[in-house]
Amino acid sequence: YSDIGSEILRQGLVGYNGCLFAYGQTGSGKSYTMMGRDGDDGIIPRIVESLFETMQHDTTGETKVWVSYLEIYNERIQDLLSAGGVAEGEVLQIFEHPKYGVVVPGISECPVESMDEVQRLMDYGIKRRAVGATNMNSHSSRSHAVFTLRLERSARDGYGEGEEVGDAKVSLNSRLNLVDLSGSERTSKTGADGDRLREGTAINQSLTNLGVCIRELAEKAGRWSSGEYHIPFRNSKLTFLLKDSLSGNSRTFMLAAISPSPSEAEETLGTLRFASSVKTIKTSARQNFGTQNMVQELQAEIRNLKREVDEHRRLAVEREENLIDPEVHEQLRDELKMREKVMQSMKGRFENQLADAKRLAVERQRLLNNYGLAEVEAGEGRMPYLHNVSPDPLLSGRL
């Protein structure tokens, strides 16, 4: 944490996007490093705890924090903080704005004011996360997970690396993506079959695409942004989601987890080669100022798209024939819907969002009770109950 986590947090507080992703084979300690265990916090809890400690002692500005948590499971993006049933969860799409980068419209962004609130959300998300057993690691996470902190800070002149503005306050905002990738184990070594085999195939495909993007970015040395080269980020949900972190507006760290076992030497070498390629990639991080301009620009784009959709519809009616490409018309409607969702997440007063968050917290607890996932103390009440106990705290009492 001292080497990586504290630096990501420091940069985030002065308006720079950050990313940390843990890469390595199954069982090498990625989830342990990112999340930790009881009494031994990982990088993510330490970042959150340090964030609120910094906010408590900060006299130069005011910071607001939002949390989101998603998983990519079998190439489907699911909201781990949704208050809806697991089977009812909306499959989310990724949207790339030409100016503001990659976002996930419709994702639950929960405003938080304390470490306890974040911990409850993390626990809830972990309970929803898809987990299955393999021979290699009976507690292996079978999906990629992305935990995101969105920070919005009003700071006085001189804070961070912005230009001086007299006595005025500068609004800084940033996103910190903390990514726990699933292991890239070979199916022949894990004994996977059926659903586990399909999971492994999807995981290996997304990690293979990640490797392809990393290799091409390293070979092109950043020249792809001029349009001379094409990097296949859209070939998988994982690489599309990490596009900004790998090549755009972000200060990105990679953590390579390896096994000490001699029998895993080949996998270890592969991880180290991958890490070596990542080291050569250059990103172009910049400070992000305010969200008001983004809301205004999105509102203007939405008005323009609505006019364009209405014009398409009017021409079709006037000519009484279907001269409009249905795919183009549907694409316009999708663009409109995505922008409306992004704008909605940016609007509203923080205090009102906190009130909504309290209501959703009650719904989440009710959902856990319905699924029998609410934690209870042994001997509590007179009704019998089943309680999952696992050596892995990511699972114990959560499934």
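The values are calculated or read from the model by the stated rules, or taken from the named source; none is laboratory data. Here the structure is a predicted model, which is why all the values come from computation and not from measurement. Cβ: placed from backbone, ideal geometry, glycine included. Neighbour counts: every protein chain shown.
Residues are listed down the side, and each one gets a yes or a no for (1) crowded, with 18+ Cβ neighbours inside 10 Å; (2) of a type in the set (S, T, N, Q):
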| site | (1), (2) |
| --- | --- |
| Ser6 | no, yes |
| Leu13 | yes, no |
| Ala22 | yes, no |
| Ser28 | yes, yes |
| Asp38 | no, no |
| Thr54 | no, yes |
| Ser68 | yes, yes |
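Of all residues in the stretch 57-81, those being closer than 24 Å to Asn173 by Cα and of a type in the set (S, T, N, Q) number 4. Against the definition (surrounded by fewer than 17 Cβ atoms within 10 Å (Cβ to Cβ) and in contact with a helix residue (DSSP H, G or I) (Cβ under 6 Å, 6 or more places away or on another chain)), how does Glu75 come out, yes or no? Here the answer is yes, as Glu75 does meet what is asked.
Restricting Ala133, Ala145 to those that are modelled with pLDDT under 55 and either of a type outside the set (Val, Ile, Thr) or in a loop (DSSP other than H, G, I, E, B) (or both) reduces the list to Ala133.
With the requirement that a residue be of a type in the set (Asp, Glu) and in a loop (DSSP other than H, G, I, E, B), what does the stretch 38-60 give you? Those that are of a type in the set (Asp, Glu) and in a loop (DSSP other than H, G, I, E, B): Asp38, Asp58.
Inside the stretch 62-83, can you point out the residues that are out of contact with any Phe, Trp or Tyr (no Cβ under 7 Å at 6 or more places or on another chain) and among the charged types (D, E, K, R)?
Scanning the stretch 62-83 gives Glu62, Glu71, Glu75, Arg76, Asp79.
Look at Arg120 and say whether it is closer than 26 Å to Arg286 by Cα, under 20 Å from the mean Cα position of the chain (by Cα), assigned by TED's automatic domain parsing to the domain that holds Leu13 and at pLDDT 85 or above. So Arg120 does not fit the description; no.
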